[in-house]
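Q: I have a structure here, written as structure tokens, and I will follow up with some questions on it.
The values are calculated or read from the model by the stated rules, or taken from the named source; none is laboratory data. Quick caveat, the model's predicted, so the values are computed rather than measured. Note that each Cβ is placed from the backbone with ideal geometry, even for glycine, and that neighbours are counted across all protein chains shown. Surface accessibility is based on the protein's heavy atoms, side chains included, excluding ligands, DNA and RNA. Shrake-Rupley method; radii C 1.70, N 1.55, O 1.52, S 1.80 Å.
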Amino acid sequence: MGKGGEKGEESEECKPQIRSYTWEEIQKHNLRTDRWLVIERKVYNVTQWAHRHPGGQRVIGHCAGEDATDAFQAFHINPSLVQKFLKPLLIGELAPGEPSHDRDKNSQLVEDFRTLRKTAEDMNLFKASPLFFSLYLAHIIAMEALAWLMVSYFGTGWITTLILAFILATSQAQAGWLQHDFGHLSVFKKSSWNHIVHKFVIGHLKGASANWWNHRHFQHHAKPNIFKKDPDVNMLHIFVLGETQPIEYGKKKLKYLPYNHQHEYFFFIFPPLLIPVYFQIQIISTMIKRRFWADLAWAISYYMRYFITYIPFYGILGSLSLLMFVRFLESHWFVWVTQMNHIPMEIDCEKHKDWLSSQLAATCNIEQSFFNDWFTGHLNFQIEHHLFPTMPRHNFWKIKPLVKSLCAKYGVQYEEKSLGKAFVDIVGSLKKSGDLWLDAYLYK
């Protein structure tokens, strides 16, 4: 017994000691060269591993020095599998006296939201319908086929070409919503299958890059409407957004453009040029600079298919012009739908809110209807999508009442509006920001 006791004591002494950290210490490690994360009270040093992160290193950097538990659960469909990558990065845990949530967040709200997520799991709301997504893909392919049949049977007249362009633009817009589903891992149970089909849809059906989309879009979801973290609010000095940025520009006498007219020149810059110009340049340069060769091959397959299909009818120049017009039409669709949920909402610097509060401050919903669901790719449920990015979109309506109830309990604003009002609010928000800039520019 004595010897056994001695051996037990020795084994206890040989066990590595788990170091404890305070939030004050953890929050210091939020630099590009020094990144720590907290997930379920465990502290991880992800500095060296960040560049290998499938979602990009920037999204990890945005959560450095914080409790990333809710973001981790939101983006990963198989957390237990990801844990094997985290295990070697574990350096300690929160000290016993430290709260589980940083910066005095409402712990009860956070716990209630996590309970809501568990409820959604118990309701099988993270289980996709194969029939829904199969029919969705089929209707996209059907539109592509219809466009070819039209030009084959009716020729290349102006009316036929115009109808064909609208059909192709509709196909492209709907393929954009579908790639969004696979990109968020919300269709298949295995991440690998989602990644493979994502590359097919965004690459072969749209001519874009899956990695470019992942690295950009996940940042937006992690920190929506947060300057320097959400790339979607980086307007390259063309627009000023929210209430703080316009005043900051105005006080510094920054006038890259007459921002008091941004609600007017918006129509000539943002909707028509985002996809055919800005995104195209960014996608191609990103694939080459970062050597996303598989994405480039998929994109090339799209352009080969397109030109093989339409050069016999329109020639090289005509096919290229048709493609640019299709992108022009799609860009309008994309901009109005994606911006209506975010530009009119709070846009500001990092405030370190809890997951529920940060997502609700930056997003709003659009009233449900069959048309709105189809037209927006279910992004009319933007709130539910941002709270649960991996949830299949056909289940958003089921979780919506529970989300509204939780928001009402804690006084978190849940905003929903009509499609028309959402479009008007984009312009109104730009005008308001422009007026704030002008006032600060002239008088402050």
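Q: Sort out which residues of region 351-377 are polar (S, T, N, Q) and assigned to a loop (DSSP other than H, G, I, E, B), and write them in order of number.
A: Initial filter on region 351-377 (polar (S, T, N, Q)): 357-359, 363, 365, 368-369, 372, 376.
Those that are polar (S, T, N, Q) and assigned to a loop (DSSP other than H, G, I, E, B): Thr363, Gln368, Ser369.
Q: Mind listing whichever residues of region 279-336 are outside any helix (DSSP H, G or I) and of a type in the set (D, E, K, R)?
A: Listed by number, the residues that qualify are Arg290, Arg291.
Q: Please enumerate the residues belonging to region 231-280 that are under 20 Å from the mean Cα position of the chain (by Cα) and free of Cβ contacts under 8 Å to residues at least 12 places away in the same chain.
A: Correct list: Asn234, Met235, Leu236, Tyr278.
Q: If you check Gly203, Gly250, Gly176, which single one turns out to be among the small types (Gly, Ala, Ser), in contact with a Gly (Cβ under 8 Å, 6 or more places away or on another chain) and part of a helix (DSSP H, G or I)?
A: After ruling out the rest, the residue left standing is Gly176.
Q: Something else: Give the number of residues within region 157-169 that are within 11 Å of Ile140 (Cα to Cα) and crowded, with 20+ Cβ neighbours inside 10 Å. Steps first, answer last, please.
A: Narrowing region 157-169 to residues within 11 Å of Ile140 (Cα to Cα): 167-169.
Those left that are additionally crowded, with 20+ Cβ neighbours inside 10 Å: 168-169.
Residues that pass the stated criteria total 2.
Q: Just a yes or no: is a residue in region 215-228 modelled with pLDDT of 95 or more, part of a loop (DSSP other than H, G, I, E, B) and in contact with a Lys or Arg (Cβ under 8 Å, 6 or more places away or on another chain)?
A: Yes, that holds for at least one residue.
Q: Being farther than 25 Å from Phe270 by Cα and surrounded by fewer than 18 Cβ atoms within 10 Å (Cβ to Cβ) is the filter; apply it to region 354-371 and report the residue that is nearest to the chain's Cα centre (by Cα).
A: Gln368
Q: Let me ask something else. Answer yes or no: is there a residue in region 388-406 that is in contact with a Cys (Cβ under 6 Å, 6 or more places away or on another chain) and in contact (Cβ under 8 Å) with a residue 24 or more places away in the chain.
A: No, the conditions are met nowhere in region 388-406.
Q: Considering only residues of region 15-32 that are under 17 Å from Leu94 (Cβ atoms) and charged (D, E, K, R), which is least open to solvent (accessible area, probe 1.4 Å)?
A: Filtering first and then ranking leaves Glu25.
Q: State which residue is least open to solvent (accessible area, probe 1.4 Å) when the search covers only region 389-444 and only residues that are in a loop (DSSP other than H, G, I, E, B) and over 30 Å from Ser129 (Cα atoms).
A: Val412
Q: Which of the residues spanning region 266-287 are closer than 15 Å to Trp333 by Cα, in contact with a helix residue (DSSP H, G or I) (Cβ under 9 Å, 6 or more places away or on another chain) and not β-branched (Val, Ile, Thr)?
A: Phe266, Phe267, Phe270, Pro271, Pro272, Leu273, Leu274, Pro276, Phe279
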